[in-house]
Amino acid sequence: MCPRSSEQSPDHMCLREKIKSLLGKYDVGSQYSHIPLTKASILLPLLIRQGKPHLVLTVRSMQLQTMPGQVCFPGGRQEPTDEDDIQTALRESKEEIGLCPEQVEIIGRLMPCLTKSPVYLVTPVVGIVEDSFQPTPNPSEVADVFLVPLEFFISTEHYTPLQVNIPSHGPHIVHQFLYMDADTKKRFTIWGLTAHCALMLSVILLEKTPSFNPGFDLKSNLNLFKNILQALTSQSKL
């Protein structure tokens with residue numbers, strides 16, 4: 001059973017409303033749901049702590065066959081029984097870290113991302129999580145759960161651009177952050193799609209440009225993805 005939400009201060013509620021307003025400008029809804037690609041969803045869970053927004057991140061279990069030990073957001077492949085991207089993200093979050101759907105206020109969906117190998121259309125679903133949430137990770141899927149303040153993702157400290165070689169696409173620069181949890185002293189490497197989504201969300205909600213060169217301008221980057229996805233949408237209608 002999920003605990004009831006605690007009473008929230010006026011400042012807390014004000015920040016929630018500001019987050020919802022800012023994210024609403026970038027919410028794509030279901031406009032790309034008809035693209036004929038295998039779909040997956042991730043939940044970008046926001047927790048407000050000490051008056052600042054944080055992201056809940058997980059470490060994949062070493063028992064998993066794909067990307068064991070890597071940092072990621074809760075999420076996974078869409079199942080036939082899922083009604084939409086949001087239900088996929090909520091179902092996976094409940095399975096992985098015990099986050100009940102009633103503990104999350106979904107505030108929007110960001111522009112989907114395309115993964116290369118395997119090819120997935122991944123939709124980032126953003127939600128604000130109730131303060132009462134205490135993660136209960138499923139050990140077969142999740143080895144650890146931790147919080148990172150959004151401000152971390154726009155600071156040049158602990159940031160490194162990483163060059164990777166993608167088969168059939170050549171060298172590509174991806175974002176990488178090295179984070180140390182102040183309480184547990186554990187170190188985490190956040191990179192790839194997870195780092196990209198965290199960075200995009202941080203730029204949107206903090207309304208600040210990163211202190212490093214992110215390799216993109218938010219507006220032009222979103223327009224690029226929009227053009228790619230619209231082309232895929234047009235192809236699906238042929």
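A run of the chain free of exposed loop cleavage sites, with trypsin sites (Lys or Arg not before Pro) counted only in DSSP states other than H, G, I, E and B and at most 13 other beta carbons within 10 Å, reaches its longest extent at 26-115. Residues considered: 100, 113, 14. Largest GNM mean-square fluctuation over the chain, using C-alpha springs under 10 Å, is found at 14. Spacing of the modelled spin labels on residue 84 and residue 187, each 7 Å from Cα toward Cβ, amounts to 4.3 nm.
For the stretch 6-84, which GluC sites (Glu not before Pro) are in a loop by DSSP, counting at most 14 other Cβ atoms within 10 Å? Within the stretch 6-84, the qualifying GluC sites (Glu not before Pro) (loop, at most 14 other Cβ atoms within 10 Å) are 7, 83.
Counting 0.36 nm for each residue step from residue 180 to residue 27 and taking away their Cα separation leaves a gain of 52.0 nm.
Full extension of the chain between residue 136 and residue 64 yields a length gain of 24.1 nm, computed as 0.36 nm times the residue separation minus the alpha carbon distance.
The helix-only estimate of mean residue ellipticity at 222 nm for the chain, built from DSSP H runs of length n ≥ 4 each weighted as -39500 (n - 2.57), is -8500 deg cm²/dmol after division by the residue total.
Sites listed here are GluC sites (Glu not before Pro) in the stretch 103-162 whose DSSP assignment is loop and whose Cβ has at most 13 other Cβ atoms within 10 Å: 157. Using a cut-off of 20 Å between Cα atoms, the listed pairs 25/226; 20/208; 39/116; 20/94 include 20/94 as exceeding that distance.
Heavy-atom accessible surface of the chain, averaged per residue, reaches 54 Å², computed with a 1.4 Å probe.
The values are calculated or read from the model by the stated rules, or taken from the named source; none is laboratory data. Just so you know, these numbers come straight off a predicted model, no measurement behind them. As a convention, Cβ positions derive from the backbone with ideal geometry for all residues, glycine included, and neighbour counts pool all protein chains shown. Side chains are part of the model used for accessible areas, which takes the heavy atoms of the whole protein and leaves out ligands, DNA and RNA. Shrake-Rupley method; radii C 1.70, N 1.55, O 1.52, S 1.80 Å.
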